[in-house]
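The values are calculated or read from the model by the stated rules, or taken from the named source; none is laboratory data. Just so it is clear, the structure is predicted and the values come from calculations on it, not from any experiment. Here the Cβ positions follow ideal geometry from the backbone for every residue, glycine too, while neighbour counts run over all protein chains shown. We work out accessible area using only protein heavy atoms, side chains counted, and drop any ligands, DNA or RNA first. Shrake-Rupley method; radii C 1.70, N 1.55, O 1.52, S 1.80 Å.
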Amino acid sequence: MRAVVVLTVLASLIAAPASASPAAPALASLIAAPASASPAAPALASLIAAPASASPAAPALEVLSSRPDQVSGGDALVRVRHPKGSTARLRVLRNGEDVTAAFKQTKDGLTGLVTGLADGDNTITATAGPYRESLRVRNHPIQGPIFSGERQYPFLCKTERSGLGPPVADNQDGQGMRVSGGWSRDCFAPTITDRLYRSTDGTFKPMPAERPADLATTTLLDGRTVDFVVRRERGVINRFLYSIAMLENGWNGRAMYRFDGGVAIGHDQGTLGGSALDPYGLGTGYAILHSSGTRTSTHYNLILGGETALMVKERFIERHGLPLYTVGVGGSGGGIQQYIYGQNHRNRVIDAAIPQYSYPDMVTQTIHVGDCELLERYMDHNPRWAKWDDRTALIGMNASDTVANPYTGRPGSDECVNGWRGLTPLTMNPLWTDDNDPEWALMDPPGVKDTVQWTHWDDLRNVYGVDDRGYARSTWDNVGVQYGLKALTDGVITPEEFLDVNAGVGSWKEAADMVREGCPYVPSACPADLDPWSARNANLSGDPAPRRTGDPVAIGNVWRSGLVFRGDIDLPIIDWRHYLEDRLDMHNAHQSFASRRRMLDHDGRAGNQVIWFTDARPDGPMFDQTPEALRVMDEWMANIRKYPARGVVANRPPQAVDRCFATDGTELAAGPRVWDGVLDRRSPGACTQRFPLYSTSRIVAGGPIEGGVFKCRLQPVERAITKGLYGSWRPTQAQQTRLKQIFPTGVCDY
């Protein structure tokens, strides 16, 4: 791949790969995590930004598209700045060979594509008379990896399905997908370009040689009207499909990276989503970047996803130069990616973010989502909880007596059922898979799919680690968690009900002890073997039923990996969502504020994030606020370019504030106080009153709104009672004894 490399003096300090360090096996966490996570980062950054050895007469070299140690594909676009006042002729060398002929004069120096970089270390040198500056550049294969660690196998190729032809044979050992000439393990296919046009019927079609009668036109940001003809490049980067598309005669200089959501376990190349040809973005002149590797419906390894996004962005800059800015757009897992990549790869993937239906991250959602089926099983077998509206007292999420339940066909359900059912076994059970893709039949050796441990933990085994039994370690823990605590102190449940749920809720078995799921997850098991709660894989025996201790190695690894959003982000952010609580949708609205709370906890500031809600009641989403968010973001970014010294927050335009909107998209309220009462004790603001928020089982249990507590600190039951943790309830001696039986090691002290 061509890489845009802006060479800096002393950049060789960062060119050495993470693998050169004895600490590298910790999943290259230092690479994935933001530089500021390291106490030494500021000092190192200052050395790189202003090298003491630089001579004022020496040529200056800059890396535009990637870090010098993260070049990929064998090419690098290099910019060399000529010393002021110097008349000496500039020369550029690649590993000692003169490549000056590849360079052209630009307003700020020479820019040229350096090809022929070998895998591993290379040296690019610029000379001007007696002065010489060099940079060691580390090049990686276009198929990766750079820092994501060991590749995942088996890996299902989908190039042919996606119009790129069959994958290239890359081995002869009978491993991978059977193709002409051998087998393909890494699913590479040559890059192709094509031309499409937007039809007046609203679809994209191949562009013929002659102008089609149904060719639509489109209006750019600057008001010009042009033919809606798109030039698209597709290929394979980091084993995933990618797409770069833009108007043939109308690029506005801006880029949009479209991230997609979904939930998947990996072992799959994935396919390109419809957002790769986002009609609004393309039609207004944005270049659209997209990859199957940045769709969480392909995998949820956001170390790998971040690496892929960096490589796709690198490819784009090599082909088209630096954009004015790159804005991220995408919902659910696509929103999570923006928070994580914005934190881990500052301004290298995106410069601005429009996360939609977002969560702070995925890995901390497993904490409370893992409670769902345990609590649902308990409530489904207890007449006290027959009324669905009551279930919010335990799960925290919304519940309704009237919303249809997709599993019973009758009224009555909650978010755990409508939003999250099925994701517990997908996350935790190594025998789980609903992937019946016929292309698995083309994989060798036969039955290789059955060798996969189909869990979220195993998809990220490079992060979580592997235990002594060969299974990926799991962070999930509920030791000391007092389910329903807030409901108890609010008087919604009785002390006896509180004790009963905590004695009976149980926990999850270890991965090695799990068995295949029943109905409805295995259709052949229906209807006799009904087990929507995955109870067969829960620890439910005994009184009290045992709790599970999370693996401390896994917890430590995931904290260091960069997969947890810790609030360390300074990009402009417009966090927008439809309000979907009444629909029991999984994208619960409090998550926008969980991200804000983490930002405030990080450094006391969150002025770079604004939160917008658009009502979707009573009939579902009717208006898309994304175009308005893009317009506001464009103004925000223009201010930053014009007044960079002011920083992100001081450059906010008037509409870049907290806002809420009616179902038809009209503004209801705006300003700094509209969400009062969510993260503070002020009286509820105008938007807070309009859009009630729900929580999670762990918030009900006393945890913080921002979540993220994999394993709580424990305190003795006696201390919890003394501190008044149970409100007006003063446990009798018998009740204290029961509490100690249920929580022998203590209760959570959040």
Flagged in the stretch 719-735 as in a helix (DSSP H, G or I) and exposed (fewer than 13 other Cβ atoms within 10 Å of the Cβ), in numbering order, are Thr722, Gln733, Ala734
Are there any pairs with C-beta distances below 7 angstrom linking a residue in the stretch 276-293 that is farther than 14 Å from Tyr325 by Cα and in contact (Cβ under 8 Å) with a residue 40 or more places away in the chain to a residue that is among the β-branched types (Val, Ile, Thr) and open to solvent by 10 Å² or more (accessible area, probe 1.4 Å), with the two at least 6 apart or on different chains, and if so which?
Gly283/Thr218; Ser292/Thr271
How many residues are part of a loop (DSSP other than H, G, I, E, B), β-branched (Val, Ile, Thr), closer than 20 Å to Leu600 by Cα and within 26 Å of the chain's Cα centre (by Cα) if we restrict to the stretch 671-704?
1
Name the pairs: first residue in the stretch 714-734 and closer than 20 Å to Glu497 by Cβ, second residue among the β-branched types (Val, Ile, Thr), Cβ to Cβ under 7 Å, at least 6 apart or on different chains?
Val717/Val747; Ala720/Val747; Tyr726/Thr489; Gly727/Thr489; Pro731/Ile721
If we take the stretch 269-371, then strands (runs of 3 or more DSSP E) inside it with 2 or more residues that are of a type in the set (Val, Ile, Thr) and surrounded by 24 or more Cβ atoms within 10 Å (Cβ to Cβ) are 326-331
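Checking the conditions here, which among Trp476, Trp440 is on the phi < 0 side of the Ramachandran plot and open to solvent by less than 20 Å² (accessible area, probe 1.4 Å)?
Being on the phi < 0 side of the Ramachandran plot and open to solvent by less than 20 Å² (accessible area, probe 1.4 Å) holds for just one of Trp476, Trp440, which is Trp476.
Let's see how each residue does on (1) surrounded by fewer than 16 Cβ atoms within 10 Å (Cβ to Cβ); (2) out of contact with any Phe, Trp or Tyr (no Cβ under 9 Å at 6 or more places or on another chain):
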{"position": "Val179", "(1), (2)": "no, yes"}
{"position": "Asp201", "(1), (2)": "yes, yes"}
{"position": "Ala216", "(1), (2)": "no, no"}
{"position": "Arg224", "(1), (2)": "yes, yes"}
{"position": "Phe228", "(1), (2)": "no, no"}
{"position": "Val236", "(1), (2)": "no, no"}
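Does the stretch 212-245 hold any residues that are outside any loop (DSSP other than H, G, I, E, B), of a type in the set (A, V, I, L, M) and within 34 Å of the chain's Cα centre (by Cα), and which are they?
As a first pass, look at the stretch 212-245 and keep what is outside any loop (DSSP other than H, G, I, E, B): 215, 217-219, 225-227, 229-237, 240-245.
From the residues that got through so far, the ones that are of a type in the set (A, V, I, L, M) too are 215, 226, 229-230, 236-237, 241, 244-245.
Selection gives Val229, Val230, Val236, Ile237, Leu241, Ile244, Ala245.
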So Arg136 fits all but one of (1) under 32 Å from the mean Cα position of the chain (by Cα); (2) modelled with pLDDT of 95 or more; what number is the exception?
(2)
Of everything in the stretch 526-555 that's within 20 Å of Thr427 (Cβ to Cβ) and without any contact (Cβ under 8 Å) to a residue 24 or more places away in the chain, which residue is least open to solvent (accessible area, probe 1.4 Å)?
Asp531
Given the criteria in contact (Cβ under 8 Å) with a residue 40 or more places away in the chain, assigned to a loop (DSSP other than H, G, I, E, B), polar (S, T, N, Q) and surrounded by fewer than 22 Cβ atoms within 10 Å (Cβ to Cβ), does Gln453 qualify?
yes
Scanning the stretch 586-629 residue by residue, the ones that are aliphatic (A, V, I, L, M), under 20 Å from the mean Cα position of the chain (by Cα) and assigned to a loop (DSSP other than H, G, I, E, B) total 3
